[in-house]
Amino acid sequence: MGDPGRIRREFDRTPSSPLMELDDPRLSRAGVRVILKRDDLTHPLLPGNKWRKLKYNLARAAELGHETLLTFGGAYSNHVRAVASAGARFGFRTVGVIRGEEHLPLNEVLAFATGSGMRLAYLDRATYRAKDTAPVVEELRREFGRFYLLPEGGSNERAVRGCAELPGEIGVPFDVVCCPVGTGGTLAGIAAGLAEGQRALGFSVLRGGRFLADVVAGLQTAAYGEVSANWTIEYDFHAGGYARRGPELDAFADDFAHRHGMSLDRIYVAKMMWGLFTLAERGAFPRDTTVVAVVTGPMAADPPAPPRPASRP
Ligand SMILES: Cc1ncc(COP(=O)(O)O)c(C=O)c1O
């Protein structure tokens, strides 16, 4: 079973992620300064926004005496991978409920998850869509017993509170924080943590992602009882939809890797960066704007090795 004290200590002693200024003539021409917040470097097994989203959830699960974490995701979910790692590290059993059918051999993400001790279950797409309803959750409880439920993408009010700590770590003056948006918790939290006069700009990685504005507002309401007016979402940089990529995104990301030596993850971070550069070059930011772009996930070519599961009673 997870130990809340140990979980808190480990989170508290982890240094905040570094800042890295981007030197790029396209930005200097536009008069925009871009600083990367390298959350990808926070923790090798729980990188990026996963660390922030799990922080208060893991402590809460342990406080409530839960032995099992159960969560949902697609077959390539970074979140499912992170929950598997967190369980192995902090002594929780983990269950990953995966959208769609089982495909063998398991892909790299799910092989990592099972290698970390996670049990996998599969829901057909119709049942998966109903995963937040009482009948589906009850059926999962019948099958797996008592568990702490982490929603898809890990986005709930505790995740929002964890992400709200990010702006406080930025030790330089800035105007805008950018992040990718998938399930909305990261943007909801970052915006909530900003000071007066600063704003947050999210980039939807989903096609048809306009519903995300309601999702982000709902998460802020769940966490704080109100919605902040300091964030917006860009919807034109999804490159075809979730996990899709077109020639423009690929060309941008290849060029970015060449110029800056960073191979951005193309499901999330590359879409945000592509959108940010495009907007800067279009003159969407006033000159002398400082933007902090959050690298919310690990570099593309650098998957961590699976940890060994913690021994269990
Ligand atoms: C690397 C990465 N960046 C960004 C996001 C999007 O964050 P959110 O789902 O909170 O909108 C995710 C998904 O959680 C992710 O895995």
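The values are calculated or read from the model by the stated rules, or taken from the named source; none is laboratory data. Keep in mind the model is a prediction, meaning the values are calculated, not measured. Methodologically, a virtual Cβ is constructed for each residue, glycine included, from the backbone with ideal geometry; neighbour enumeration extends over all protein chains shown.
Here are a few things to note about the model shown:
- Among the residues of region 16-38, just one is of a type in the set (S, T, N, Q) and surrounded by 17 or more Cβ atoms within 10 Å (Cβ to Cβ), namely Ser17.
- Of all the residues in region 76-98, those that are within 14 Å of the ligand (Cβ to nearest atom), surrounded by fewer than 24 Cβ atoms within 10 Å (Cβ to Cβ) and of a type in the set (A, V, I, L, M) number 0.
- Scan of region 100-122 for residues that are in a strand (DSSP E or B) and more than 12 Å from Ala75 (Cβ to Cβ), ordered by number: Arg119, Ala121
- Where a residue in region 172-200 is without any contact (Cβ under 8 Å) to a residue 60 or more places away in the chain and farther than 15 Å from Val215 by Cβ and its partner, wherever it lies, is more than 7 Å from the ligand (Cβ to nearest atom) and among the aromatic types (Phe, Trp, Tyr), with Cβ under 8 Å and at least six apart: Gln198/Phe174; Arg199/Trp231
- Residue match in region 168-180 (condition: in the same structural domain as Val227 (by TED's automatic domain parsing) and closer than 21 Å to Ala75 by Cβ): yes
- Any hit, region 142-161, residues being in a helix (DSSP H, G or I), of a type in the set (Lys, Arg) and more than 16 Å from the ligand (Cβ to nearest atom): yes
- Exclusive hit being in the same structural domain as Glu281 (by TED's automatic domain parsing) and modelled with pLDDT under 95, set Asp12, Asp23, Asp39: Asp12
- Residue ID - farthest from Ile35 (Cα to Cα), chosen from residues in region 167-191 that are in a loop (DSSP other than H, G, I, E, B) and within 15 Å of the ligand (Cβ to nearest atom): Thr183
- Of the residues making up region 234-254, none is of a type outside the set (Lys, Arg), away from the ligand (no atom under 16 Å from the Cβ), in the same structural domain as Leu19 (by TED's automatic domain parsing) and touching an Asp or Glu at 6+ places or on another chain (Cβ under 9 Å).
- For beta carbons closer than 6 Å, sequence separation of 6+ or different chains, a first residue in region 121-139 that is over 22 Å from Leu106 (Cα atoms) and modelled with pLDDT of 95 or more and a second that is part of a helix (DSSP H, G or I) and not hydroxyl-bearing (Ser, Thr, Tyr), the qualifying pairs are Ala130/Val136.
- Criterion (at pLDDT below 95 and β-branched (Val, Ile, Thr)) met by exactly one of Val32, Val83, Val95, Val109: Val109
- Qualifying residue in region 101-108 (condition: surrounded by fewer than 20 Cβ atoms within 10 Å (Cβ to Cβ), within 16 Å of the ligand (Cβ to nearest atom) and either under 22 Å from Ala300 (Cα atoms) or assigned by TED's automatic domain parsing to the domain that holds Val177 (or both)): yes
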